[in-house]
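Before any comments, here is the structure.
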There are 2 protein chains.
Amino acid sequence: MDRWVVVAPERSRRPSDFRMERQPRKQGRCPLCPGNEADTPPEVLAYGKRDRVPDTSGWHVRVVPNKFPAVRNLPRETGRQGLYEWMSGLGRHEIVVETPAHVPDLDGQNPEQVAEVLRCWMERSRQLARDPRWRYVQVFKNVGRPAGASLEHTHSQIIAIPFVPAELGRELAGMHVYRRSTSRCVLCDMVAQELADGRRLVHDGGGFVAFAPFASRFPGEVWIAPREHAPDFTALQAAGQRELAATLLAVLRGLAAAFNAPPYNLVVHTAPHGEAGGEHFHWHFEISPRLSITAGFELGTGYYINPLPPETAAAWLRDGKTVGGNVSND
Amino acid sequence: MDRWVVVAPERSRRPSDFRMERQPRKQGRCPLCPGNEADTPPEVLAYGKRDRVPDTSGWHVRVVPNKFPAVRNLPRETGRQGLYEWMSGLGRHEIVVETPAHVPDLDGQNPEQVAEVLRCWMERSRQLARDPRWRYVQVFKNVGRPAGASLEHTHSQIIAIPFVPAELGRELAGMHVYRRSTSRCVLCDMVAQELADGRRLVHDGGGFVAFAPFASRFPGEVWIAPREHAPDFTALQAAGQRELAATLLAVLRGLAAAFNAPPYNLVVHTAPHGEAGGEHFHWHFEISPRLSITAGFELGTGYYINPLPPETAAAWLRDGKTVGGNVSND
């Protein structure tokens with residue numbers, strides 16, 4: 001957790017200083033809408049009516065292979081080219097269609113639907129983790145074109161890859177360092193401090209806590225973590241899924257209200273399955289609105305300049321949640 | 001140099017697949033244009049006519065403090081808030097106005113003007129490095145709004161900070177690991193391989209070599225490095241500055257031609273002044289066009305998905321340079 005961020009609040013004052021349109025791409029026929037199931041590769045998982053025929057309508061969550069995958073079901077090949085190593089880009093890349101409704105995000109859905117999306121992330125992650133080729137299953141969600149979404153219909157993505165990502169390895173190593181010196185989990189301690197302090201608290205959802213992290217990299221960044229230590233996101237049971245859905249929905253509605261439906265990325269951080277020491281990881285979501293642009297300084301130094309203090313962001317997100325609707329933009 | 005990138009070329013085929021407008025912000029009076037010197041804080045360095053009065057016209061390169069700095073000339077204060085540490089955001093943040101002409105980039109300037117910009121980066125970096133508070137001076141350049149530029153008039157930025165950035169520390173550590181196992185410099189070896197191989201070579205500028213790195217994170221990414229080992233960018237002499245200017249200009253014109261004047265970031269990587277082991281660093285520029293969007297996968301894993309193989313990018317950049325002008329956009 002060795003992260004330093006420059007908080008430069010003089011650069012902005014009001015929610016309307018942070019505005020980025022989602023810029024939906026104008027589409028003809030949406031390949032994710034019900035009735036257009038033939039436009040995607042055959043589904044690998046779906047929740048829907050009991051005697052539904054695969055790849056027809058009647059689903060409420062549906063998982064399909066990405067038609068334009070970043071990684072593929074290839075043989076494992078490695079090689080060298082002088083100094084450099086290469087490996088075939090093997091993996092799985094899937095799309096979770098989060099609702100039949102052609103809407104840009106989950107914030108207008110009911111809690112039961114959001115819980116079904118979470119259940120689907122977990123079930124499909126567990127299925128992929130059974131394949132011995134994959135060392136990590138990354139679940140994430142891009143909303144809006146400035147956040148990388150190329151389809152408007154609300155969806156998330158699951159990528160299975162044959163190694164533990166460098167970023168997650170660093171995070172796990174940081175948790176281990178803290179544990180060795182304190183015998184405690186750093187994220188357990190962070191959650192306890194944020195609940196006691198309150199200034200950066202966005203939502204107390206009982207079993208789950210949403211807060212703006214002290215060293216927020218992005219304006220409006222929010223983390224959601226289970227209050228009690230838990231390494232594996234995919235082990236969450238039905239009651240926990242419902243509670244997490246309510247917490248996530250509170251955060252998404254807060255973001256939509258405070259920042260006028262911003263583009264954002266949601267990234268699930270969970271213990272790599274089968275990794276030694278993974279039980280010391282504390283899973284969490286990191287939600288990063290894309291309201292500022294990461295530029296030369298961040299690229300060069302690895303540090304972020306954030307014009308919005310997390311205490312202010314948390315206050316706006318709590319207010320947004322209470323008030324509802326969009327903020328005025330004067 | 002432990003970087004893995006997913007190269008996914010199936011996702012795109014032609015230069016026109018990579019297009020991002022620079023989206024200049026419509027401005028009234030430009031604070032960086034000659035005649036408007038009073039719109040900026042007083043200059044800290046300028047090259048111009050011999051008996052010119054400071055903060056008047058007659059300059060050809062001018063450095064001013066950033067009116068909205070990310071870091072400031074503050075007392076050093078540190079503290080704790082429970083688990084977290086904080087430090088006052090101290091540093092210097094300056095703007096280099098690269099030419100009196102109100103143009104969006106350096107690619108239309110003559111080599112002498114570009115050499116003067118490089119001389120200015122070096123001179124101002126050396127001046128800032130004399131202040132014992134600063135451990136690193138970061139020079140970078142953002143071109144176009146999608147790359148973070150908020151002013152249209154071509155400019156670069158210099159930030160002095162009181163620590164060695166994490167990213168640079170990792171890079172230096174990587175170079176040390178390679179040196180311990182081979183007794184050689186990894187970037188010396190990379191430059192030699194790229195010159196011998198040729199497929200990723202963008203421009204051979206004699207003392208400087210421009211190439212698309214094997215593990216390019218971004219479509220069209222280009223590195224420029226001195227052919228001979230050199231840790232400190234700011235030690236370059238006049239003849240070297242002229243040769244580097246010609247190489248940089250060749251790359252910028254290649255980018256403008258191949259990718260239709262893309263937004264980009266240029267980041268100078270140089271040895272931290274006064275840092276033990278810094279002599280093993282090999283300085284270089286990293287130029288990253290912003291033609292794709294870094295999204296949830298990159299945020300979560302620290303890996304990049306790049307749809308454009310560096311060999312293809314290098315071929316386009318070489319062709320663009322030869323052909324000149326913009327590519328057609330059919």
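Any read-out appearing in this document is the output of simple, stated calculations on the displayed coordinates, not a laboratory observation. What you see is a predicted model; the values in this text were computed from it and never measured. Heads up, the Cβs are rebuilt from the backbone with ideal geometry, glycines too, and the neighbour counts pull from every protein chain shown.
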- Task: Taking the Cα atoms of the range B:197-324, report the difference between the largest and smallest coordinate on each principal axis, in whole Å and largest first.
- Result: 40, 37, 27
- Item | Teacher prompt: A:G206 distances to equivalent labels in other copies, 7 Å Cα→Cβ, nm | 7.4
- Item | Residues A:E228, B:E116 arranged by fewest to most Cβ contacts within 10 Å | A:E228, B:E116
- Query: Dipole magnitude of the range B:30-163 about its Cα centre, charges +1 at Lys/Arg Cβ and -1 at Asp/Glu Cβ only, in debye to the nearest 20?
  - Reply: 540 debye
- Item | Normalised convex hull volume, the range B:49-185, alpha-carbon set, Å³ per residue | 194 Å³
- Message: With n ≥ 4 as the cut-off for DSSP H runs, can you work out [θ] at 222 nm for chain B, using -39500 (n - 2.57) per run divided by the number of residues, rounded to the nearest 500?
- Response: -9000 deg cm²/dmol
- Message: How would the range B:128-222 be classified by its alpha-carbon gyration tensor: rounded, prolate or oblate, with rounded meaning a/c under 1.5 and the a/b versus b/c comparison settling the rest?
- Response: oblate
- Counting pairs of alpha carbon atoms under 8 Å apart in space and at least six apart in sequence, what relative contact order in percent does chain A give? 22 percent
- Message: Taking the Cα centroid of the range A:114-146 and of the range B:122-199, what is the distance between the two, rounded to the nearest whole Å?
- Response: 36 Å
- Query: Fewest to most neighbouring Cβ within 10 Å: what's the order for A:V44, A:V96?
  - Reply: A:V44, A:V96
- Query: How large is ³J(HN,Hα) for each residue in the range B:92-99, as worked out from phi by the Karplus curve 6.51 cos²θ - 1.76 cosθ + 1.60 (θ = phi - 60°), to whole Hz, x for Gly and Pro?
  - Reply: 10, 9, 10, 10, 9, 7, 7, 6
- From the phi of every residue in the range B:149-160, what ³J(HN,Hα) in whole Hz does the Karplus formula 6.51 cos²θ - 1.76 cosθ + 1.60 yield, where θ is phi - 60° and glycine or proline is x? 6, 9, 10, 7, 4, 4, 7, 10, 9, 10, 10, 9
- Message: If you take every residue apart from B:E112 with its C-beta less than 15 Å away from the C-beta of B:E112, what net charge results, scoring Lys and Arg +1 and Asp and Glu -1?
- Response: -2
- Span-rule helices in chain B, defined as complete DSSP H runs reaching 20 Å or more along the axis (Cα) with Kyte mean at least -0.5: B:238-259
- Task: Place the peptides B:117-125, A:45-53 in order of packing, highest mean first, counting for every residue the other Cβ atoms within 10 Å and averaging per peptide.
- Result: B:117-125, A:45-53
- For peptide B:66-79, the mean count of other chain Cβ atoms within 10 Å per residue Cβ is 2
- How much net charge surrounds A:E43 when only the other residues with a Cβ under 9 Å from the Cβ of A:E43 are counted, with Lys and Arg +1 and Asp and Glu -1? -1
- Message: What whole-number volume per residue, in cubic angstrom, does the convex hull of the C-alpha atoms of chain A give?
- Response: 161 Å³
- Message: Can you tally the net charge around A:A295? Count Lys and Arg as +1, Asp and Glu as -1, for every other residue whose Cβ sits under 12 Å from the Cβ of A:A295.
- Response: +2
- Message: With respect to the axis carrying B onto A, what is the closest chain B residue by Cβ position, and how many angstrom separate it from the axis?
- Response: B:T294, 4
- Percent of all Cα-Cα pairs per 10 Å bin for the protein assembly as shown, counting from 0 up to the last occupied bin, reads 3, 15, 25, 27, 19, 9, 2, 0, 0
- Task: May I ask which residue of B:Q113, B:I293, B:A38 lies farthest towards the positive end of the charge dipole of chain B, with charges of +1 (Lys, Arg) and -1 (Asp, Glu) on Cβ and the Cα centre as origin?
- Result: B:A38
- Message: Order these by the 10 Å Cβ neighbour count, fewest first: A:Y178, B:Y303.
- Response: A:Y178, B:Y303
- Would you mind pulling out the separation of the Cα centroids of the range B:55-102 and the range A:244-273, in Å? 33 Å
- Message: Name the residue from B:A276, B:V177, B:V191 whose Cα lies farthest towards the positive end of the charge dipole of the protein assembly as shown, charges +1 on Cβ of Lys and Arg and -1 on Cβ of Asp and Glu.
- Response: B:V191
